[in-house]
Amino acid sequence: MRIKTWKYLLIPLLVWVLTSCGPDKLMKDRVKWQVNLGKDNKKPYGTYLAWSSLKYFFPDARIEALSPGFRYSSMDNTMKYNNDGRSLLILHGLNFYISDEEWSALKEFINNGNEVVLFCSRLDNKIEKELNCFKVINEEESIFYDLNHEKDNLHVLKTWKSLLVTYGYEGRSLLGYFNIQPDTTEQANDSSATYFSVFPDTLGYEHNQPDFIRYTLGDGHLTLHAAPLVLSNYFLLQDGNENYLADLWQTLPGNINHVYWNDYFKRSVKSAGIGLLFKYPATRLAMWLAIIALILYVLFEGKRKQRIIPIIPPLKNDSVSFVETVGRLYYNKGNHNNLSQKMVLQFLEWVRTHYFLNTNLLNQDFIRQLTIKSGQPESAVKGLMEMIHEIKLGTAYIDDAYLYQLYTTIQIFYKNNRL
């Protein structure tokens, strides 16, 4: 009688454990540590603290947030010209790409005596060529295969104020810097305000490499920073790192009375909407011909010419039932590790046969290709690849909850793919 009573008591306890430590909670923990950089995001890699602290560093300035999709070519005269002082434009994100018109507008903004501070991981080629300054790319969003990898970012940053004080944290990459190659042509020696200064001022270092530099153009400056995660909540919450942020802003002029904040995150040159097809004469003509042909087809071929074809139910796939039976056998025996490996092998075989991708190397390029072909969100693909890496390396503790999360994640992927 006691044994039966204990069984009934254990069932609700098991249900509570699975729901409290199940896949939803584990997936939320993973999402929490992804890079977002949004000003309203209070998660580790949001920038809520940096955004909120601007009013303390610039107490006399008006602070305004621009939309992530703001186009710099649309800046009006009130933004470009500030007769009462200087305007500061803070651009913060990972990939920074702009059109020629936007780059010209930014240079005009700087030339009028304003300040631009750009935090980026990847820098547009046109900017690199004009400045002769080439960005060494960070990997802020890369998956960590070794837990000690995060310790590489301890004590890596220095500022102009004191080269003896170092900053860093145990987190994602801060290891970007700029490779400066001064131009020796006649253009470089031209003192005209059309060109940036040849030699930038170095204001900070990453392992003795310049990662915080400033160029002069006319009466203003363009400041580049190679580690955008220094504005993240997680970095600023570490002891002493708030002093690093103070050192950054103290390099700017004191007469700033307007601050613009643009957390662009990942910026592209052009949107890929259908309006882009109508911009060029050849594609515009092709689109109109296609639309006219479609209208003519609907008008003249819209009538049904044959009877409705009956729906024939597909043959039952007994192999699926066999696989489910084998899976239940492994699960009932408690061999979760073996079952998880077989689930991974089956999923990778499915990817090879459906998307024709090489699954030998599950790196960042593979994640990008799978995201494009499957139509899945990039965050979901990254989360699934992280679990597969853990299972292959044998670092995951595979219990019922983990196995259920793996099965659910793979099934969601199958269900939402666009094949």
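The values are calculated or read from the model by the stated rules, or taken from the named source; none is laboratory data. Quick caveat: nothing in here was measured; it's all calculated off a predicted structure. Methodologically, a virtual Cβ is constructed for each residue, glycine included, from the backbone with ideal geometry; neighbour enumeration extends over all protein chains shown.
Figures for the structure shown
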read-out: Looking only at segment 327-358, and only at residues there that are modelled with pLDDT of 85 or more and not in a helix (DSSP H, G or I), the one that is surrounded by the fewest Cβ atoms within 10 Å (Cβ to Cβ); value: Phe356
read-out: Which numbered condition Leu252 misses (of (1) surrounded by fewer than 23 Cβ atoms within 10 Å (Cβ to Cβ); (2) out of contact with any His (no Cβ under 9 Å at 6 or more places or on another chain)); value: (2)
read-out: Residue in segment 377-398 that is modelled with pLDDT of 85 or more and among the polar types (S, T, N, Q) present; value: yes
read-out: Residue that is modelled with the highest pLDDT, among those in segment 109-154 that are assigned to a loop (DSSP other than H, G, I, E, B) and farther than 23 Å from Asn262 by Cα; value: Asn132
read-out: All positions within segment 381-403 that are in a loop (DSSP other than H, G, I, E, B) and within 26 Å of the chain's Cα centre (by Cα); value: Thr395, Ala396
read-out: Any hit, segment 43-54, residues being at pLDDT below 90 and at negative phi; value: no
